[in-house]
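A short worksheet on the structure shown next.
What follows is calculated from the coordinates using simple rules that are stated; it is not laboratory data. Just so you know, these numbers come straight off a predicted model, no measurement behind them. A quick note on method: Cβ atoms are made from the backbone with ideal geometry, for glycine too, and the neighbour counts reach across all protein chains shown.
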Amino acid sequence: MKLITWNIQWGLGIDGRLDLARVVADARRIADFDVLCLQEVADNFPELKQSRGENQFAELAALLPGHTAIEGVAVDLPDGKGGRKRFGNMILSRLPVGRVLRHAAPWVADGHRSMPRLVIEAVVHAAFGPVRVMTTHLEFYSADQRSAQVATIRDAHRVAAERALRPPRAGNGTFDPDVQTPSAILTGDFNMTPDEPILRALLDPFGDGVPAFRDAWTVAHGDVPHPHSFCIYEQLHKPPHTSDYVLVTEDLAPRVRNLVYDTATQVSDHQPVLLELA
């Protein structure tokens, strides 16, 4: 199973060109991916640099026929013309997809510049069994916001793992429990460096049979420092640093064959990350 996660900055490259087809082509250059997790996907936001207000959720789905396209809208606002402005994350999977959940993170009142965030969770049926693929984009400006969002992620994972241990009673229609699994992959732009306490809290054990998350980079490469994934080619916000991650539950750690940061591409201001599982 090959998975790529990428904050695509609504398709805007370092060269100032917005081109979603180029993003998809570059992802395909990196790997023949089974699952693509994207952050910063926009719909009807013409105020974003170089945007025409295009529905990028629809455009990306059209660029990847044969993939299940899952939208995760965190920002949903009126456009003043009877329509909606939407911004968030996306999962595209050519593997079969089961139940999809969307977890809204608390938008805490801390006075900082911020926006609503959420986690998409989709059960993907890989060759080795079902796995919950989760992707998110945590707050950039506020550590308090990130801390609350990490608590949401941990709670969502804990509840899902407990539900797998004690499955819901079978039912029909809306009560169909579908497949439950404690195994999970968590991806996204966390807006945290590897040494931040909030990231370490995300990796804390749970107990009671709930598998903890492990950093797939560390699983694959040990103590080698993470490559930079943000601000490599454009230092508008900070010096180059690591912001994007793939975590796997400890039961999946033996399946990690490689974790690669593509530090060459300039199709976004972030670098894509490739996970390969046996």
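GNM remark for the chain: springs join alpha carbons under 10 Å apart, and the peak mean-square fluctuation among Leu186, Leu60, Leu165 falls on Leu165. Using the Cβ-Cβ distance between Asp223 and Ala25 with R0 set to 30 Å, the FRET efficiency works out to roughly 0.30. Placing unit charges on the Cβ atoms only, positive for Lys and Arg and negative for Asp and Glu, gives the chain a dipole magnitude near 520 debye about its Cα centre. The share of alpha-carbon pairs in the stretch 85-231 lying farther apart than 19 Å comes to 58%.
Within the stretch 90-118, name every residue whose backbone N is under 12 Å away from a label modeled 7 Å from Cα of Tyr141 along the Cβ vector. 110-116, by backbone N distance to the label point.
For the chain, the mean residue ellipticity at 222 nm estimated from helices alone is -6000 deg cm²/dmol, where every DSSP H run of n ≥ 4 contributes -39500 (n - 2.57) and the total is divided by all residues, rounded to the nearest 500.
Length gained on full extension, His112 to Ala127: 1.0 nm, using 0.36 nm per residue less the C-alpha separation.
In this label model, His237 and Arg94 are separated by 3.0 nm, measuring between points 7 Å along each Cα→Cβ vector.
Taking only the C-alpha atoms of the stretch 63-114, Rg followed by Dmax gives 15.0, 43 Å.
Packing around the peptides 204-213, 2-11, taken as the average count of other Cβ atoms within 10 Å per residue, puts them in this order, highest first: 2-11, 204-213. Loop-located trypsin sites (Lys or Arg not before Pro) across the stretch 112-180 with a Cβ neighbour count of 10 or fewer within 10 Å are Arg113, Arg169, with loop assigned by DSSP. Averaging the Cα positions of each part gives two centres, and for the stretch 136-158 and the stretch 17-31 these lie 28 Å apart. Computed packing ranks the peptides 17-29, 46-58 as 17-29, 46-58, most packed first, by mean other Cβ atoms within 10 Å.
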